[in-house]
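Remarks on the structure that follows.
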Amino acid sequence: MNEKKAGKLHRMWLSVSLQEKVKYIAVCAAAVVILSIAANFLVAGFGMRGFSSVLRGNAQSLAYWSAMEGEKNAFSAFVREGTDISREAYEKACAETEKAIRELPYDYKKTGPEQYAKVWSIRNMYENYSRYRDGFLLLPKDDENYTDQLYTIYRVQGYLTTYAGQLEQMTIKMGNEKYESHRYILVIVPVASMIWGAAALCLVSLLNRSVNRSIIRPVVELAEDSVRIGENDFSGKDVSAEGGDEIARLVQAFSRMKASTRGYINALTEKHEMEKQLDEVRLQMLKNQINPHFLFNTLNMIASTAQIEDAKATEKMITALSSLFRYNLKSTDSVMPLERELKVVQDYMYLQQMRFGQRLRCSTDCRQDTMDVLVPSFCLQPLVENAVIHGLSSRSRGGKIHIRSWLKEKRLWISVADTGDGMDRQKLEEIRSSLRLGDEKKTGIGVGNIYRRVHGMYEDGEVFIYSRPECGTVVQLAFTPE
């Protein structure tokens, strides 16, 4: 019975659309994070509310106890020595004792009747004691009552010290009682968190296996098969995908396309074996069906299917990718209007935002008088891609990309800034040096290509890079349009 239920659930999962699968996975991950955070907040909140008051009470009682002992010793030393140094130490000890008494908890609702009564007794006794003590210090040592009053002060100091110890014991007792009454929370919450974590780990493992089986593996095999087809090798095993989601339909369409193309090639080879040159031309035509033009047409077909099936997010993603293909295929000129370059960036950022969600944001502030200016084609998208890959993708809180353009004394300035990881000064200098030397191992093909084209196409062409760790990176292009 369990196997039947598992098989039924598996078939239901395979029939769910790719968009729904992503949504379910995101909901599960969010639930794990939210419940974990809630458990941490519960334990932390209990600790801060429950034990901070106990620890504070212990600290205040101990501070009073220590201050009273210090005052008693300082008083004895001052009476015995009578020097300015001993007087200064005595006065300082008295001030510390008074401060410690003022800070003792004196709220009936929070401390309870027993501790409140003890603090009240300490305050009243210390007030009377301090007046008696100050009056004693004014007596001459040869006064007949001097010794009696001195021993009286010693006795009162002993009472105050004893009260301090009793208050400390009360505070510790109350803390123990409070801990015992709430100890179950410290056991239940971690145990519940462990159980939830184990369940979440199992769920994530199942989701990971399912995603790997129904999404990642077909896409990887599809990419490998497309590489073989690009090398005119149709002998590879056809890619298979279970279910009826978009990935499965894409794989099935690709397999039909591959089989159809293979059949055409075989038929043409058998029919025109003696016409070698014509055969090569026709074979090349068939091979060209697996180039970006064919993929572009296939994406348009998938976008239409997504529109019919009301998969709006999928349709919009495929449309954005189609726009990038179209621009790549039809843009043979070396320069393009800045407005078209920004449109390419918008399409690219939409696809990246679908991947990273709200962690990735992009804004533009381009002057209207720069929109029709001709700029080197594909000069913005590689910079934005670098910002996403090297600056923002690894940051859990994401970041922002800001594109600006303006004219200054007929010179066009374009700035691409991000709030990503940035880089230290040494790495920044290495990249600047690599750009000047034409070493693309450290700079990447995209940035190196832009650097060469800007410097080669314009007499005053410049590329500036600024960066600081944890502050982001700014890349600026500056040149005078022709």
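Filtered by the rule that a residue be among the polar types (S, T, N, Q) and farther than 10 Å from THR473 by Cα, the stretch 387-426 gives SER393, SER394, SER396, SER405, SER415, GLN426. You will find that of LYS141, LYS109, the residue that is under 52 Å from the mean Cα position of the chain (by Cα) and assigned by TED's automatic domain parsing to the domain that holds GLY165 is LYS109 and no other.
The rows are residues; the columns are (1) charged (D, E, K, R); (2) in contact with a strand residue (DSSP E or B) (Cβ under 9 Å, 6 or more places away or on another chain); (3) part of a helix (DSSP H, G or I); (4) free of Cβ contacts under 8 Å to residues at least 12 places away in the same chain.
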site	(1), (2), (3), (4)
LYS110	yes, no, yes, no
GLN115	no, no, yes, no
SER121	no, no, yes, no
TYR126	no, no, yes, no
TYR132	no, no, yes, no
PRO140	no, no, no, yes
LEU150	no, no, yes, no
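Quick one: ASP421 ticks every box in (1) of a type in the set (D, E, K, R); (2) part of a helix (DSSP H, G or I); (3) without any contact (Cβ under 8 Å) to a residue 60 or more places away in the chain; (4) surrounded by 18 or more Cβ atoms within 10 Å (Cβ to Cβ) bar one, so which box is it? Condition (2) is where ASP421 drops out. Checking ALA39, ALA67, ALA59, ALA95 one by one, the residue that is assigned by TED's automatic domain parsing to the domain that holds ILE153, modelled with pLDDT of 75 or more and in contact with a helix residue (DSSP H, G or I) (Cβ under 7 Å, 6 or more places away or on another chain) is ALA67 and no other.
Residues in the stretch 99-108 that are surrounded by fewer than 18 Cβ atoms within 10 Å (Cβ to Cβ), at pLDDT below 85 and part of a helix (DSSP H, G or I): 2 in all. One residue stands out in the stretch 360-379 among those that are within 28 Å of HIS390 (Cα to Cα) and either in contact with a Cys (Cβ under 8 Å, 6 or more places away or on another chain) or among the charged types (D, E, K, R) (or both): the one that is surrounded by the fewest Cβ atoms within 10 Å (Cβ to Cβ), namely ASP365. Residues in the stretch 359-408 that are in contact with a Lys or Arg (Cβ under 6 Å, 6 or more places away or on another chain), free of Cβ contacts under 8 Å to residues at least 60 places away in the same chain and not small (Gly, Ala, Ser): 4 in all.
The values are calculated or read from the model by the stated rules, or taken from the named source; none is laboratory data. Nothing here was measured: the structure is a model prediction, and the numbers come from that model. In this analysis, Cβ positions are derived from the backbone assuming ideal geometry, glycine residues included, and neighbour counts consider all displayed protein chains.
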